[in-house]
Amino acid sequence: MTDEPSPFAPLLDLQRIDIALTQLHHRLDHLPERAALAEVEAQLVAHRAALAALEDDQRGVMADHKRAEDDLATLEAKIKSEERRLYGGTVKAAKELQAIEDELVSLRHRQSDFEDQILGLLDQLEPLDARAESLARDGAELEARHQAATVALAEVEAEVSAELAQVEAERAAFVAAASAEHVALYERLRRNVSGNAVALLSAGSCTGCHLALPSAEVARLKRLDPDEPAYCEECGALLVR
């Protein structure tokens, strides 16, 4: 091998830059702050669903309560009407008066049932209201956590994006100063080679796949013109020699 620097050596730096870009993109896509925000958002979705279900239950009980109160009011009006008939002196016949008294007994029994039903519905509302207060506190805490997680993610995204912009600028400057032919070769290899597109040939081994090349192949590579590209037989990487 010649002691002159390989004309392909700069491609190792380009590959280093691209590896750094890949790592930064991966970091940006898998930020723990993004996962933390997603977790809080999932908790918010579950909380809102629980709150909606609770509000449905509350509305149902309150609707039942209003219907019971309306029915009770109608019944009480009926009782008062029957009492006026009973005690107003307009009804004289004993049989009819007895019928009114029997009707009042039935109506008052139903009145008691409605009053019990209303009390029972009020008892149902009490734990629902307590649960609503608890959910309100939980919701406020979740909203605060969501705000904090949003800010934290925005800060780290800005930090990583700034690093990306810096490395992308470094790559653009490198490509502008490099051999267009060599850069095109490198880009083609990046698309077609599964591992490193460029690797150093060191002590007869490829640093891309870390396998030793046959001695005959190493001897052949030594005889090649420095400008002639050579590739690892195992991994296909361009060998910088």
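The values are calculated or read from the model by the stated rules, or taken from the named source; none is laboratory data. The model shown is predicted, which means the values in this text are computed figures rather than measured ones. Every residue, glycine as well, gets a Cβ built from its backbone with ideal geometry; the counts of neighbours run over all protein chains shown.
Note on segment 73-110: residues that are part of a loop (DSSP other than H, G, I, E, B) and of a type in the set (Gly, Ala, Ser) amount to 3. The set of residues in segment 211-229 that are in contact with a strand residue (DSSP E or B) (Cβ under 9 Å, 6 or more places away or on another chain) and without any contact (Cβ under 8 Å) to a residue 12 or more places away in the chain contains only Ala212.
Yes or no, residue by residue, for (1) more than 23 Å from Ala199 (Cα to Cα); (2) aromatic (Phe, Trp, Tyr):
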| position | (1), (2) |
| --- | --- |
| Phe8 | no, yes |
| Ile19 | no, no |
| Thr22 | no, no |
| Leu28 | yes, no |
| Ala42 | yes, no |
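When restricted to residues that are touching a residue at least 40 places away in the same chain (Cβ under 8 Å) and more than 30 Å from Gly139 (Cα to Cα), segment 54-109 contains 4.
Among the residues making up segment 28-38, a single one is without any contact (Cβ under 8 Å) to a residue 40 or more places away in the chain and of a type in the set (D, E, K, R): Asp29. Identify, please: which residue in segment 1-58 is outside any helix (DSSP H, G or I) and among the polar types (S, T, N, Q) and is, among those, farthest from Arg241 (Cα to Cα)? Among them, the one singled out is Thr2.
In this structure, Gly236 does not qualify as in contact with a strand residue (DSSP E or B) (Cβ under 8 Å, 6 or more places away or on another chain), in contact (Cβ under 8 Å) with a residue 24 or more places away in the chain and surrounded by 14 or more Cβ atoms within 10 Å (Cβ to Cβ).
Restricting Val198, Val193, Val151, Val156 to those that are in contact with an Asp or Glu (Cβ under 8 Å, 6 or more places away or on another chain), β-branched (Val, Ile, Thr) and either assigned by TED's automatic domain parsing to the domain that holds Phe8 or over 30 Å from Asp227 (Cβ atoms) (or both) reduces the list to Val156.
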